[in-house]
1. What size of dipole, in debye to the nearest 20, comes out for the chain about its Cα centre when the only charges are +1 on Lys and Arg C-beta atoms and -1 on Asp and Glu C-beta atoms?
2. What nm value, rounded to one decimal, do you get for the distance between LEU75 and ARG128 when each label is placed 7 Å out toward the C-beta?
3. Can you list, largest first and rounded to whole Å, the semi-axes you get for region 9-177 by taking the square root of 5 times each eigenvalue of its Cα gyration tensor?
4. Using alpha carbons only, how many angstrom separate the centre of region 228-292 from the centre of region 25-55?
5. What translational diffusion coefficient, to the nearest whole µm²/s, does the chain have by Stokes-Einstein, given a Kirkwood radius computed over alpha-carbon pairs, a temperature of 25 °C and 0.890 mPa s viscosity?
6. Provide the gained length on full extension for the span GLU264 to LEU29, in nm with one decimal, where the gain is 0.36 nm per separating residue minus the Cα-Cα distance.
7. Relative to the Cα centre, what is the charge dipole magnitude of region 186-230, using +1 at the beta carbon of each Lys and Arg, -1 at the beta carbon of each Asp and Glu, and rounding to the nearest 20 debye?
8. Looking only at region 9-177, where both bridge partners belong to it, what percent of the DSSP beta bridges are antiparallel (to the nearest 5)?
Amino acid sequence: MENKSIKNIHWFPGHMKKASNLISEKLKLVDFVIVLLDSRIPLSSYNPYLMDIIKDKKKVFLLTKEDLSDEEESLKRKEKLSKDNDLALIVDFKNQKVINDILNLINIYIDEKKEKYLKKGIKNVSIRAMVVGIPNVGKSTFINLMAKKSIALSKNEPGVTKSVRWIKVNKNFELMDTPGILLPQFKDKKSAINLALLGTIKEEILPLDELFTSLMSFIKKYYLKEFNLRYKTDFTLLDKDEYILEVIAKKRGFINKDNQVDNEKTIKVILNEFRNGIIGKFTIERVEDANI
Ligand code: G4P
């Protein structure tokens, strides 16, 4: 892909600045930060700018969309992220029991804090966390699940221009939901492609055919078997992308009125099936790719 094609991607630095200022401002109110990462793109959903702001806080990394990602890769990523004082968990927010798993993990921090305060003669301690994540990572789903579990009505803390929402999950634990959009900060065009492949950034930002080429090169490298199973085909590594597209378009009847293959529609359908885990459970950014 030529650099030209991603030149138009702008990350609304204004929004980004607002969100990160709010995070810096409120950070002192919490004991730790819950960082949501999409388990399929843990590198591109990891915002280095944000990580710098929260570097001195303990972190719980939630690797979201477990049901859509490669289990082995998620486990490896979890290992990598669970270091120093940080904890990590692979989560599927479609499964209600996930909340108990998260609360059990958070108990580790609560126990640590209890022990520390007990030495000072303080018995009742509670812990507070801030939740951060890029769009589409599952932040609202997580907050809603937690809010349902809460024992008290959530309260708003008014600010001059913005507010944060506190959710009292139980007597020991309160969660802060920060409004604002925290955009992924992609380091290179590979990140942009990965975010577009999963629909985190609008696919129109990149030419569809380039996106399809990237998708096929990833599929051919790791998941050609699953792809063939889904489309009842027997493509090999030697098959060109145009041929693959043509075969699938014909199978699905995506032919336009001039009797031509409707490439755009075919690519959109394949991308949609890919994103929704219909082709298989895939992890795009793999542990061997880079360190985070
Ligand atoms: P955000 O606030 O971080 O932007 O993300 P949000 O919670 O809105 O989630 C984005 C999409 O991801 C939603 O789908 C949501 O249902 C889905 N999602 C969240 N967590 C999981 C998960 O663990 N597994 C799967 N498979 N999907 C998850 P949507 O299509 O935008 O909306 P809807 O289908 O919920 O109506």
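1. Charge dipole of the chain: 1360 debye, to the nearest 20.
2. 3.9 nm
3. Each semi-axis is the square root of five times an eigenvalue, giving 24, 21, 16 Å.
4. A separation of 33 Å, based on Cα centres.
5. 117 µm²/s
6. Difference between extended and current length: 79.7 nm.
7. For this selection, approximately 260 debye.
8. 30 percent
The values are calculated or read from the model by the stated rules, or taken from the named source; none is laboratory data. Since this is a predicted model, take the numbers as computed values, not measurements. Neighbour counts are summed over all protein chains in view; Cβ atoms, including those assigned to glycine, are modelled from backbone coordinates with ideal geometry. For the accessible areas, the whole protein counts, side chains as well, though only heavy atoms, and no ligand, DNA or RNA atoms are used. Shrake-Rupley method; radii C 1.70, N 1.55, O 1.52, S 1.80 Å.
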